[in-house]
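K.L.:
First the structure, then my questions, so here it is.
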Amino acid sequence: MNKIEKDIFKNFVVFLMTPENIKLKTLEMTFEGAGEFRGDANQIRGFFASKFNEYDLLHNHNTDRFCYRYPLVQYKVLDKIPLVIGVNEGAEILKGLFDKFDTVTLPHEDFEITERFMRIKKQEFGLTKSIYFYEFLTPWLALNKENEEKFLETRNPEEQKEMLRKTLAGNLLSMSKTLGYTVPDTIKCDVNVEICRSKYKKMDFTSFTGGFMANFLIPDIMGIGKGVAKGFGTVRKIRM
């Protein structure tokens, strides 16, 4: 833990959840085959969107229009294991589809499923009186092309960090809106990240690895930022 983390942690040592928190229903679906899974999160999303197109939460499109909301179904590949997570209504849809397919069709091959697993949880979400520490399991797409240019032109590291703090708070507010949660007070957060590059929608984006701290409780494996449905910005609490 670095000095900033220690200073903040001292002031938020009591781990109590505020009564304004809500509980989210999450469902984690994983599947395994005889061989190694060689697809990516976007290809898993493409399979579900094609096979079960009638469920718009699986692909966030209504006819040919994109629905701008926090994705309630998210596709990921973590440690070479395909994982699909559903939240609230998304969890209910995935539960109904759990045994409705035996093969994941990928562009280069068909992945035959030999085992599948489902985990359903009720998890707290929202502002807390505590600071929680998180790591990014997949790169965080914090910036769109417009503010990416501004970020890269900014020479002052503290100004860059402040941009990312505001973006992180904005991500949590946007996420809360879709989930029906009103944030009752100020989100306090800080970031400890390194710059990398990621491909999203066939374009190169500045992305970030590392982690952050916030007085906000986020269930493990959910994503924040851009590209969440395709596996970006997946977070996990760091156990203290």
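K.L.:
Taking a point 7 angstrom from the Cα of Leu173 along the C-beta vector, which residues in region 125-141 have backbone N less than 15 Å away?
P.N.:
127
K.L.:
For the chain, with every protein chain kept in place, what is the accessible area per residue (1.4 Å probe, Å²)?
P.N.:
On the way: 12730 Å² over 240 residues.
Per-residue accessible area for the chain comes out at 53 Å².
K.L.:
With respect to the cross-link table entries Lys199/Lys226; Lys199/Lys237; Lys129/Lys161; Lys76/Lys199; Lys51/Lys177, which display a Cα-Cα separation exceeding 18 Å? Show your work: numbers first, answer last.
P.N.:
Details: Lys199/Lys226 12 Å; Lys199/Lys237 25 Å; Lys129/Lys161 23 Å; Lys76/Lys199 15 Å; Lys51/Lys177 29 Å.
The answer is Lys199/Lys237; Lys129/Lys161; Lys51/Lys177.
K.L.:
Summarise the accessible area of the chain (1.4 Å probe, protein heavy atoms) by the percent that is carbon and sulfur. Don't skip to the answer; put the middle values down first.
P.N.:
Details: 6280 of 12730 Å².
Roughly 49 percent of what the probe reaches on the chain is carbon or sulfur.
K.L.:
Hey, another quick one. Could you work out the relative contact order of the chain, using alpha carbon pairs under 8 angstrom and six or more residues apart, expressed as a whole percent? If you can, show how the numbers build up before the last one.
P.N.:
Numbers: 447 pairs, mean separation 62.8, N = 240.
Once normalised by length, the contact order is 26 percent.
K.L.:
Something else about it: Hey, can you grab everything whose amide H is under 5 Å from the amide H of Gly231? Only 5+ residues off in sequence or another chain; H modelled, so Pro and N-termini drop out.
P.N.:
Here the answer is Tyr75, since their amide H atoms fall under 5 Å of that of Gly231.
K.L.:
Moving to a separate point now. Evaluated at 37 °C with a viscosity of 0.692 mPa s, what Stokes-Einstein diffusion coefficient in µm²/s does region 56-181 have when Rh comes from the Kirkwood expression over alpha-carbon pairs?
P.N.:
Details: Rh = 18.0 Å.
Calculated translational D: 183 µm²/s.
K.L.:
Net charge near Gly170, counting Lys/Arg +1 and Asp/Glu -1 over other residues with Cβ under 12 Å of its Cβ?
P.N.:
Values: positive: Arg165, Lys166, Lys177, Lys226; negative: none.
Net of charged neighbours comes to +4.
K.L.:
Turning to a different aspect of this structure: Along the Cα-to-Cβ line of Gln123, 7 Å from the Cα, sits a label point; which residues in region 157-173 have backbone N less than 12 Å from it?
P.N.:
Under 12 Å, as judged by backbone N against the label point of Gln123, lies no residue of region 157-173.
K.L.:
Let me ask you something else. Once R0 is set to 51 Å, what does the formula 1/(1 + (r/R0)^6) return for the Cβ-Cβ distance between Lys150 and Arg239, expressed as a FRET efficiency to the nearest 0.05?
P.N.:
Numbers: r = 36 Å, r/R0 = 0.70.
Computed FRET efficiency for Lys150 and Arg239 comes out at 0.90.
K.L.:
Then there is this: What residues qualify as long-range amide H neighbours of Thr128, i.e. H under 5 Å apart, gap of 5 or more or another chain, H built at 1.01 Å from N?
P.N.:
Phe216, Leu217
K.L.:
Another question, then. Please compute the net charge surrounding Leu72, taking Lys and Arg as +1 and Asp and Glu as -1 over other residues with Cβ under 11 Å from its Cβ.
P.N.:
On the way: positive: Lys25, Arg69; negative: Asp56, Glu89, Glu92.
Counting the neighbours of Leu72, the net charge comes to -1.
K.L.:
So how much slack lies between Lys202 and Lys80, counting 0.36 nm per residue of separation and subtracting their Cα-Cα distance, in nm? Please list the in-between numbers first.
P.N.:
On the way: separation 122, 0.36 × 122 = 43.92 nm, distance 2.18 nm.
Once the chain is fully extended between Lys202 and Lys80, it gains 41.7 nm.
The values are calculated or read from the model by the stated rules, or taken from the named source; none is laboratory data. Computed from a prediction, not measured in an experiment: that's the story for all the values here. Quick reminder, even Gly has a Cβ in these numbers, built from the backbone with ideal geometry, and neighbours come from all protein chains shown. Please note that ligands, DNA and RNA were not included when accessible areas were found on the heavy atoms of the full protein model with its side chains. Shrake-Rupley method; radii C 1.70, N 1.55, O 1.52, S 1.80 Å.
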